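Undergrad: Below is the structure I would like to discuss, written out as structure tokens.
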Amino acid sequence: MNTVSSPQEQSLASVVVVDYGLGNLRSVTRGLERAGADVEITDDPNDFAAADGVVLPGVGAFREGVENADPLREDLLEVAETGTPLFGICLGMQMLLTTSEEGENDGESAVQGLDLIPGTNVRFAEGQKVPHMGWNELNVERDHPLVEGVDGNYAYFVHSYYAMPDDEGAAVATTDYEREFPSIVANDAGNVFGTQFHPEKSGETGLQILRNFVGICADD
């Protein structure tokens with residue numbers, strides 16, 4: 001077990017950041033603390049169950065992320081099933097979907113994501129500069145508490161694949177990079193959601209989203 005606690009005075013909610021060997025855990029933790037959360041970095045499923053919200057961060061390849069997190073698969077599915085807010089960031093968001101072209105394009109067999117938001121992750125089209133890196137605009141498509149106060153704001157992206165949910169209604173916000181793609185997605189129940197961009201690297205826009213997330217956790 002690997003557990004690191006970060007006490008927060010007058011915290012609004014307790015949040016777990018899942019440590020499965022990938023992800024910018026410290027930056028995410030600092031952002032959540034600034035947003036008012038009491039944060040714990042852990043791979044202990046008992047801590048998932050006790051938290052007001054769970055964050056699944058991630059950087060790197062889909063296959064590596066899924067395989068690293070596989071020992072925690074059932075525990076993460078249980079988080080979603082119980083209605084606890086589950087927030088995927090970047091690769092963590094892609095892992096909420098069913099599968100990805102990433103392994104297939106590398107000649108590998110497909111691996112199964114968490115399938116909490118049915119769909120696949122696809123690579124930007126031939127001729128587009130990848131990775132999509134830098135600041136880009138968020139266009140809110142439908143109501144969700146995660147996106148309050150961020151419509152038209154800019155966030156920081158670094159990715160070569162993007163989510164394509166089976167249900168177009170899963171897109172909470174979109175971003176244009178020679179084509180429109182979902183930059184924030186959520187399940188029907190609204191408790192599982194993710195951002196393709198890094199809120200912890202997105203200045204005031206990202207902090208607002210993290211505050212919104214902590215608010216969701218506090219109200220849960």
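The values are calculated or read from the model by the stated rules, or taken from the named source; none is laboratory data. Note that the coordinates shown come from a computational prediction; the quantities given were computed from them, not determined experimentally. Cβ placement follows ideal geometry from the backbone for every residue including glycine, while neighbour counts extend to all protein chains displayed. All accessible areas refer to the heavy atoms of the entire protein, side chains included, with ligands and DNA or RNA removed. Shrake-Rupley method; radii C 1.70, N 1.55, O 1.52, S 1.80 Å.
Undergrad: Out of everything in region 41-62 that is open to solvent by less than 50 Å² (accessible area, probe 1.4 Å) and β-branched (Val, Ile, Thr), what residue ends up being farthest from residue 199 (Cα to Cα)?
TA: Only one residue fits best here, namely 42.
Residue-by-condition table, conditions (1) more than 18 Å from residue 78 (Cα to Cα); (2) at pLDDT 95 or above; (3) in a strand (DSSP E or B):
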residue	(1), (2), (3)
1	yes, no, no
4	yes, no, yes
9	yes, no, no
26	yes, no, no
30	yes, yes, no
38	yes, yes, yes
46	no, yes, no
49	no, no, no
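Undergrad: Further question on the same structure: Working carefully through the options 77, 32, 86, find the one that is under 14 Å from residue 112 (Cα atoms) and in contact (Cβ under 8 Å) with a residue 24 or more places away in the chain. Lay out the reasoning, then the answer.
TA: Numbers: 32 fails: under 14 Å from residue 112 (Cα atoms); 86 fails: under 14 Å from residue 112 (Cα atoms).
77 is the lone residue from the list that is under 14 Å from residue 112 (Cα atoms) and in contact (Cβ under 8 Å) with a residue 24 or more places away in the chain.
Undergrad: Out of (1) open to solvent by less than 10 Å² (accessible area, probe 1.4 Å); (2) outside any helix (DSSP H, G or I), the odd one out for residue 92 is which?
TA: (2)
Undergrad: In region 180-214, what residues are closer than 18 Å to residue 117 by Cβ and part of a loop (DSSP other than H, G, I, E, B)?
TA: 187, 188, 189, 190, 191, 196, 197
Undergrad: Identify all residues within region 73-85 that are surrounded by fewer than 20 Cβ atoms within 10 Å (Cβ to Cβ) and either part of a helix (DSSP H, G or I) or modelled with pLDDT under 95 (or both); write none if there are none.
TA: 73, 74, 75, 77, 78, 80, 81
Undergrad: What number goes with the only condition from (1) polar (S, T, N, Q); (2) touching a helix residue (DSSP H, G or I) at 6+ places or on another chain (Cβ under 8 Å); (3) at pLDDT below 95 that residue 187 does not pass?
TA: (3)
Undergrad: Mind checking which pairs have a first residue in region 205-218 that is within 15 Å of residue 144 (Cβ to Cβ) and a second that is of a type in the set (Phe, Trp, Tyr), Cβ under 7 Å, 6 or more apart or different chains?
TA: Close Cβ pairs satisfying both conditions: 213/87.
Undergrad: Something else about it: Test of understanding: among 31, 65, which residue is closer than 21 Å to residue 146 by Cβ, buried (at least 19 other Cβ atoms within 10 Å of the Cβ) and among the small types (Gly, Ala, Ser)? Before you say what the answer is, go through the steps one by one.
TA: On the way: 65 fails: closer than 21 Å to residue 146 by Cβ.
Matching residue, one of 31, 65: 31.
Undergrad: Okay, next question. When you look at residue 184, is it in contact (Cβ under 8 Å) with a residue 12 or more places away in the chain and touching a Pro at 6+ places or on another chain (Cβ under 6 Å), yes or no?
TA: Values: in contact (Cβ under 8 Å) with a residue 12 or more places away in the chain: yes; touching a Pro at 6+ places or on another chain (Cβ under 6 Å): no.
The answer is no for residue 184.
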